[in-house]
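Here the structure is laid out as structure tokens; the discussion comes afterwards.
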Amino acid sequence: MAAPLGASPTPPPPPTLVDIPLSKTEDDYASNSLAYDDIVRFTPAPTLILDASLIVRHVSDSYVTVSAASDREKLVGRHADDIFDIAVTLPAFAPARKAVRAARDTRRLHQMKIVTETGDAWNLRAVPIMRHDSLRCVQMEFLNVTEEHQRQLELIERSYQNETYRILVETVRDYAIFMLDPSGHIATWNAGAQSFKGYTPAEIIGQHFSKFYSQEDRNNNKPARELRDALSDGRCEDEGWRFRKDGSKFWANVVITPIYRDDVLLGFSKVTRDLTERRKAENSLIAAYEEASKLKSEFLANMSHEIRTPMHGMLSALTLLLDTKLNDDQRELTQVIQESGDVLLQVINDILDYSKLASGSFSISHDIISVPDIIQSVLRAHQACHRPEVKLESFLDPQLPRSAEGDSLRYRQIVQNLLSNALKFTETGYVRMIVRLKKEDEGYFTILTEVVDSGIGVPANGSNTLFTPFTQFDNSATKRYKGTGLGLSICKSLAELMGGNIGFHPNPEGRGSVFWFTAKLKKCKQLKHIENLQHSKEALKILTSTLVDPRETLRLVAANKRILLAEDNLINQKVMLRMLAGLGFDSVDTALDGKQAVAKVTQEQESAPYDLVLMDVNMPIQDGVSATKELRDKGLQVPVIAMTANALKGQAESYIAKGMTGYIAKPVDRNLLVKLLLNCLKRKSDG
Amino acid sequence: MSVSDDKGGDIMSIPGAEDTIDPATFEQILEMDEDEVEREFSKSIVYDFFGQADQTFKKMDKELEKKEGKYLKELSELGHFLKGSSATLGLTKVKDSCEKIQHYGQLKDDSGTKDIKEEEAQEKLAKIIKQAKTEFDEVKEVLKDFYKDDAE
């Protein structure tokens, strides 16, 4: 059949092709008409032509190839059902059979798609060819559509995914998720965005996203900056205030991510979360915590006060009781009560100090102090009562300043605490106090004070918490050492208030600990003058060490001392004058108010300066505190003792903070006055 | 500083002295006397105080009647003033009342901690000044007795 095709140099004109079926008689369909034959034979779609009784009449070459039939002649003339049975490479012939019959019976074109188990897809087409209402033949096509089928499957899969994401995004209500175009205009809008920003999609799509920012942010160009950051970093996250349609604001977490397809920027995805509730919760937590901690400090301070007042009463009563005639047993018991009371008072004072330090209402005074004197005095106090098995030693750097500005009470408190700790935890060996001038610059001395002991030391795991409040490394139920665990943390705060530091390291000599702290003390201005007084100080020392009665000591110190008494109440003035005279002061001037006092001190400064001022606090015209301040402002360092009937705790400290040297409560107790005068006058001759 | 004084007689044994006089403080004043029979110094102080108290109470009455200007502040200062001297002498009750005058004058309650209204302060002041006067009169009798002053 190929020969006629090849033999014909010019194919017949197309109209003939159309004419063919028409020019043929009914029996002619199997004729060897060239065009007809070629169509069926060489169509690339594998094709069978069956007659009305489903006998194969024609087979296309392509069918022969795909069906892998060895011989096309074996196919022609056979019944379709047979063919569908033997051909093994063509898929699912049951459907083919069905299709053919359906086409024949319904006389309509029948098409079906078959997917085999191997994943191949075939398109089966059975075309009934009718003439004058009777079936002439059936054309069957077997098209392999596997590739197309695969593509379609992928497409379905992809659109399914897209759909899923779309539904997910659209239905999320807790997040605003939307797209921006590359210039930042809103392109999509989900339900979450609508519900918490308040705009409907119609209102907002196409608008610029900077609409959600505050005016301030917009002025700072924050929206554009965020897009830029997202582009350069691949992501931009921010927390801040954003605004709703109704103008209300919410605290938002925003993530902006650029979206690319094939390296082309499509826009940005923007996910916004409303953190207002979380932020509110966080803030209220913080506030609650601060409130609780403040309440705790206040409670501690108040309770300590409440406990301390009756404590003082009890201890004073005990002192009086000890002065009465007691037998040995009673005396011993009373002493036990007194000692326990003293310890308890110390504990309460610690707590009070700590709560004051914690609440920040603690101030350091700036008196003229002598570090060696403080150390000596602390050592003296402990010398008497430590274990005989423990040697108490001290080394004082001769370079230590004899005087500097600082808070003697607080410096002493640290030294005392470290020393009594060392003695508490050392059963044999030594406790050594080393005080050195660590650094000296133009304005300050830095003093390093070390307490070295050969005691039980500190376990390695305890050294971290040494300075933490309320911790003691011996927290066992059978605690051997009493205390609140506040001492060191108070020392730490005090050292820091003095511009210094505190620390611990194990004793390099083996057993025991070394506790050290530094304090920055301001240099005094009249240093030279003070050094000149060194002699009189030494002389005084000899005196004080040999004499026991402080009143006798004061009498010696009082000679040639000049005192100014500022007191507006003449009765009090008279009593004080008498008392001072009794103590050996024969040169006492008086002032009736603060102004007079300032005038007198200033005036006498040149000729015969006062050695001390006793200053009533409440006076007309100018009160004692402001008078003292004025004196200090003028650079006059004369010791000033405040006298007040407002003997409230804390107030006294505030007087000292305002420049007073000391204070005494009214009615003035003579013994206290003696002590205070001795202290101030001795200090004055020292520094 | 023993309170009992077998030479000059014990003020605390005088009826009415208990609670109105702080023995330790008053003793301190007595110790300033050179002569324990004459008691020239302490007696002068005590009598000075009588005069000062009378004057101060008069001023207080005036201010309280005036009820204008800085009368509350004045009253508070007067209270503080008399508190100072009565404290020095150890006249406990008078001192305590004076302290209250001081507080009320600052529109504070007894202990000086809580705020009070002006009207309340006026009421309290009138009452406490009256009380202070009575207390003063009582302790005056004790002191007079102590100094064996039989005038009046």
Handout entry: Criterion: more than 12 Å from chain A (Cβ to nearest Cβ) and within 17 Å of residue B:126 (Cα to Cα) - qualifying residue of B:95, B:66, B:73
Key = B:66
Handout entry: Test for residue B:83: is it crowded, with 23+ Cβ neighbours inside 10 Å, within 13 Å of another protein chain (Cβ to nearest Cβ) and among the charged types (D, E, K, R)
Key = yes
Practice task
Would you be able to say whether some residue in segment B:101-109 is more than 18 Å from residue A:569 (Cβ to Cβ), of a type in the set (A, V, I, L, M) and touching a residue at least 12 places away in the same chain (Cβ under 8 Å)?
Solution key: yes
Handout entry: Within segment A:499-529, considering residues that are buried (at least 21 other Cβ atoms within 10 Å of the Cβ) and not in a strand (DSSP E or B), the one modelled with the lowest pLDDT
Key = A:512
Exercise for the section: Considering each residue of segment B:19-40, count those that are over 14 Å from residue B:85 (Cα atoms) and either assigned to a loop (DSSP other than H, G, I, E, B) or more than 13 Å from chain A (Cβ to nearest Cβ) (or both), and give that number. Expected result: 11
Exercise for the section: Specify which of the listed residues (A:357, A:437) is under 16 Å from residue A:499 (Cβ atoms), buried (at least 18 other Cβ atoms within 10 Å of the Cβ) and out of contact with any Gly (no Cβ under 9 Å at 6 or more places or on another chain). Expected result: A:357
Problem - Residue within segment A:582-601 that is hydrophobic (A, V, I, L, M, F, W, C), modelled with pLDDT of 80 or more, over 50 Å from the mean Cα position of the chain (by Cα) and closer than 27 Å to residue B:23 by Cα present - result: yes
Practice task
Looking for whichever is at pLDDT 80 or above and among the aromatic types (Phe, Trp, Tyr) here; the options are A:362, A:395. Which one fits?
Solution key: A:395
Practice task
Determine if segment B:47-59 includes at least one residue that is buried (at least 20 other Cβ atoms within 10 Å of the Cβ), under 18 Å from the mean Cα position of the chain (by Cα), under 24 Å from residue B:113 (Cα atoms) and within 12 Å of another protein chain (Cβ to nearest Cβ).
Solution key: no
Fill in the blank from the handout: In segment B:48-64, residues that are under 17 Å from residue B:148 (Cα atoms) and without any contact (Cβ under 8 Å) to a residue 24 or more places away in the chain total 1
Exercise for the section: Mind checking which helices (runs of 4 or more DSSP H) fall wholly inside segment A:162-241 and carry at least 2 residues that are within 14 Å of residue A:255 (Cα to Cα)? Expected result: A:222-233
Practice task
Go through A:141, A:226 for me and flag whichever is in the same structural domain as residue A:107 (by TED's automatic domain parsing), surrounded by 16 or more Cβ atoms within 10 Å (Cβ to Cβ) and at pLDDT 85 or above.
Solution key: A:141
Practice task
Could you check, for segment B:29-36, whether at least one of its residues is under 19 Å from residue A:568 (Cβ atoms), of a type in the set (Asp, Glu) and crowded, with 17+ Cβ neighbours inside 10 Å?
Solution key: no
Practice task
Please verify whether segment A:306-318 includes one or more residues that are over 31 Å from the mean Cα position of the chain (by Cα) and part of a loop (DSSP other than H, G, I, E, B).
Solution key: no
Practice task
Answer with yes or no whether residue A:403 is over 40 Å from the mean Cα position of the chain (by Cα) and either on the phi > 0 side of the Ramachandran plot or in contact (Cβ under 8 Å) with a residue 60 or more places away in the chain (or both).
Solution key: yes
Problem - Test for residue A:328: is it surrounded by fewer than 17 Cβ atoms within 10 Å (Cβ to Cβ), among the acidic types (Asp, Glu), at positive phi and over 25 Å from the mean Cα position of the chain (by Cα) - result: no
Problem - Residue within segment B:123-134 that is within 11 Å of chain A (Cβ to nearest Cβ) and without any contact (Cβ under 8 Å) to a residue 60 or more places away in the chain present - result: no
Problem - Filtered residues of segment A:177-216 (kept if among the basic types (Lys, Arg) and in contact with a strand residue (DSSP E or B) (Cβ under 7 Å, 6 or more places away or on another chain)) - result: A:197
Problem - Qualifying helices (runs of 4 or more DSSP H) (wholly inside segment A:12-101; at least 3 residues being surrounded by fewer than 13 Cβ atoms within 10 Å (Cβ to Cβ) and modelled with pLDDT under 55) - result: A:14-23
Problem - Per-region count, segment B:1-45, residues of a type in the set (Val, Ile, Thr), touching a Lys or Arg at 6+ places or on another chain (Cβ under 9 Å) and modelled with pLDDT of 85 or more - result: 4
Exercise for the section: Would you confirm whether any residue within segment A:138-152 is without any contact (Cβ under 8 Å) to a residue 24 or more places away in the chain and touching a Leu at 6+ places or on another chain (Cβ under 9 Å)? Expected result: no
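The values are calculated or read from the model by the stated rules, or taken from the named source; none is laboratory data. As the structure is a computational prediction, the values presented were derived from the model and not from experiment. For neighbour counting, all protein chains shown are included, and Cβ atoms are generated from backbone atoms with ideal geometry for every residue, glycine included.
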